[in-house]
Amino acid sequence: MGSKKQIIAGNVKIGGDARITVQSMTNTKTSDITGTAAQIKRLEEYGCDMIRVAVPDMTAANAIGKLKENMSVPIIADIHFDHKLAVRAAEAGADKIRINPGNIGGEDRVKAVADVCSRMSIPIRIGVNSGSISASILEKYGGVTPEAMYDSAIEHIGLLNKYDFDDICVSVKSSSVLTTLAAYRLLDERTDYPLHLGVTETGTEYMGLVKSSIGIGALLADGIGDTIRVSLTAPPEREAEAGVAILRALGLRAGYELISCPTCGRCGIDLIPIANDVEKRLNELGRSITVAVMGCAVNGPGEASRADYGIAGGAGEGVLFKKGKIVKKVPMGMLVEELFSAIESEEGEF
Ligand code: SF4
């Protein structure tokens, strides 16, 4: 799993044998230190391993120093166009810089950013997206294609390498899932750099979740990618939750798994609110466990036999089951309580 090269942002390793990490980006004004610090703290609680902040001006660049005084989570400075902001953010204590060397200006400016990042020992993410590809590459490929995105990344890597900088990770995000998938596959096949995965500008939350899950999930399932950011037109906490959920669904992060059936004409309980309630309580419990909520006792325990514990509806009363075997019959109104008292009676992880 992951790329061959490893980089380090603050106390977090990216690439090589490091675990896959989750990122999100604050949407507060970075210069609002109190508001930004509060949001960063929330994002950490939601499972973010690194957090990116926008640096549109010098006040924001300086704010990174203040933010870093009270937190250990790596802060990534997101810079567009102005190399002076990247230099200041790095000097202020940013743990990583995200730029597009192609839109930073002349090569002397790229060198200034490479030099300060070398001096501060911090990596750079080259963030290529559909809108950042040079006119010459677009002309060569006739538009935004996976090859065009790959070439753009290689061009930007070359710019940094020219100034002896190779502490790099790369992203090639498109709003098209298929273009994104193909561009990352090219990078994975042809380079050793850690890859930051994401599908960008995905639309509203629902479609964004679908596109990100397919794009990020398909790559991770093939062992491609080292750190992920789910981009949603929604509060960043939702991005963090979604990122962690994608990793959990692929077995890449510990946590609970809820198995619940889609319901059918055999369903003997009001399953949807019960499943939501169980999920909320599993979230609070914070243990690695697989739990099933199934509509009927006839098929439920068998269909969910890989669950550590489960409940299923029935005629008049439901059942509690463990690894597919019915443990006892339970009055309908007591199913969730019985489930959690059984889980809590067992020590440790499942
Ligand atoms: Fe239908 Fe029972 Fe399967 Fe749920 S567990 S889908 S209710 S057969």
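Here are the numbers:
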item	result
The range 131-148, residues that are outside any loop (DSSP other than H, G, I, E, B) and either more than 27 Å from Ile75 (Cβ to Cβ) or in contact with a strand residue (DSSP E or B) (Cβ under 8 Å, 6 or more places away or on another chain) (or both)	Ala135, Ser136, Ile137, Leu138, Glu139, Lys140, Tyr141, Pro146, Glu147, Ala148
Complete set of residues in the range 300-331 that are within 14 Å of the ligand (Cβ to nearest atom), more than 25 Å from Gly251 (Cβ to Cβ) and part of a loop (DSSP other than H, G, I, E, B)	Gly313, Gly314, Ala315
Residue tally, condition open to solvent by 30 Å² or more (accessible area, probe 1.4 Å) and farther than 23 Å from Val128 by Cβ, over the range 38-85	16
Selection status of Arg88, open to solvent by 40 Å² or more (accessible area, probe 1.4 Å), assigned to a helix (DSSP H, G or I) and not hydroxyl-bearing (Ser, Thr, Tyr)	yes
Residue list for the range 5-30, restricted to those being open to solvent by 60 Å² or more (accessible area, probe 1.4 Å), farther than 20 Å from Val170 by Cβ and not charged (D, E, K, R)	Asn11, Asn27
Residue within the range 120-127 that is modelled with pLDDT of 95 or more, farther than 25 Å from Gln23 by Cα and of a type in the set (D, E, K, R) present	no
Selected residue (criterion: nearest to the ligand (Cβ to nearest atom)) from residues of the range 236-253 that are without any contact (Cβ under 8 Å) to a residue 40 or more places away in the chain and open to solvent by 50 Å² or more (accessible area, probe 1.4 Å)	Ala249
Failed condition for Ile154, given (1) open to solvent by 40 Å² or more (accessible area, probe 1.4 Å); (2) over 24 Å from Lys111 (Cα atoms); (3) β-branched (Val, Ile, Thr)	(2)
Total residues in the range 214-238, condition farther than 25 Å from Gly16 by Cβ and part of a helix (DSSP H, G or I)	4
Given (1) away from the ligand (no atom under 16 Å from the Cβ); (2) crowded, with 21+ Cβ neighbours inside 10 Å, index of the condition Tyr206 fails	(2)
Pairs where the first residue, in the range 254-280, is more than 20 Å from Lys323 (Cβ to Cβ) and the second is more than 9 Å from the ligand (Cβ to nearest atom) and part of a strand (DSSP E or B), C-beta under 7 Å, 6+ apart	Ile269/Gly318; Leu271/Val293; Ile274/Val293; Glu279/Leu258
Close pairs (9 angstrom Cβ cut-off, 6 or more residues apart or separate chains): at pLDDT 95 or above in the range 293-304, near the ligand (Cβ under 6 Å from one of its atoms) and in a helix (DSSP H, G or I) anywhere	Val293/Gly300; Met294/Gly300; Met294/Glu303
Ile40 part of a helix (DSSP H, G or I) and within 25 Å of Ala234 (Cα to Cα)	yes
Of all residues in the range 256-299 being in a loop (DSSP other than H, G, I, E, B) and within 15 Å of Ala245 (Cα to Cα), the one that is farthest from the ligand (Cβ to nearest atom)	Gly286
Ile343 open to solvent by 80 Å² or more (accessible area, probe 1.4 Å), touching a residue at least 24 places away in the same chain (Cβ under 8 Å) and either assigned to a helix (DSSP H, G or I) or over 14 Å from Leu258 (Cβ atoms) (or both)	no
Number of the exception - Glu338 against (1) away from the ligand (no atom under 16 Å from the Cβ); (2) open to solvent by less than 40 Å² (accessible area, probe 1.4 Å); (3) at pLDDT 95 or above	(2)
Filter result for the condition that a residue is within 27 Å of Lys13 (Cβ to Cβ), of a type in the set (D, E, K, R) and assigned to a helix (DSSP H, G or I), over Asp151, Asp115	Asp115
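The values are calculated or read from the model by the stated rules, or taken from the named source; none is laboratory data. These numbers were taken from a predicted model, which means no experiment stands behind them. Positions of Cβ are generated from backbone atoms using ideal geometry, with glycine treated the same way; all protein chains shown enter the neighbour counts. SASA here: full protein model, heavy atoms, side chains in, ligands and nucleic acids out. Shrake-Rupley method; radii C 1.70, N 1.55, O 1.52, S 1.80 Å.
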